[in-house]
Amino acid sequence: MITLYSTEGCHLCEMAFELTQTLNISNQVEVVDIAFDDDLFSRYGVTIPVLNYQGNELNWPFDLEQLQAWLDNNGITHNQ
């Protein structure tokens, strides 16, 4: 499962999630709202959106090509 660290009302987070939809992996993404966890808020409060898969992170800003490369490097199957 891929984790998308996010928070409500974050337009950049919405853009990141849309990229996962474009690659048909949104069903593999768990959105975690950092606002409800002090540790996550402290870690990601100024860097969201961040994708995490088994400890490998992709920090914003990223585009479709960068997301595809990150997925490939992590062995995650995707389709466009």
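On full extension, the segment bounded by V46 and V31 gains 3.7 nm, given 0.36 nm per residue less the C-alpha separation. Counting only Cβ charges, +1 for Lys and Arg and -1 for Asp and Glu, the dipole size of the chain around its Cα centre is about 160 debye. Considering only beta bridges that DSSP places wholly inside the chain, some 60 percent are antiparallel.
A simple rule links phi to the HN-Hα coupling: the Karplus curve 6.51 cos²θ - 1.76 cosθ + 1.60 with θ = phi - 60°, which for the stretch 56-61 gives 8, 10, 10, 9, 5, x Hz, with x for Gly and Pro.
With unit charges on the beta carbon (Lys/Arg positive, Asp/Glu negative), name the residue among Q80, G45, C10 whose Cα is farthest towards the positive pole of the charge dipole of the chain. Of Q80, G45, C10, it is Q80. Using 0.36 nm per residue and subtracting the Cα-Cα separation, the extra length available between I76 and H11 on full extension is 20.9 nm. For the peptides 3-13, 68-78, the ranking by mean Cβ contacts within 10 Å, running from highest to lowest, is 3-13, 68-78.
Once every DSSP H run of n ≥ 4 in the chain is given -39500 (n - 2.57) and the sum is divided by its residues, what mean residue ellipticity at 222 nm do you get, rounded to the nearest 500 deg cm²/dmol? The helix-only estimate for the chain comes to -10500 deg cm²/dmol at 222 nm.
Read-outs throughout are calculated quantities, based only on the coordinates presented, and are distinct from any laboratory measurement. Everything quoted here is computed from the prediction, not taken from an experiment. Virtual Cβ from ideal backbone geometry, glycine too; neighbours counted across all protein chains shown.
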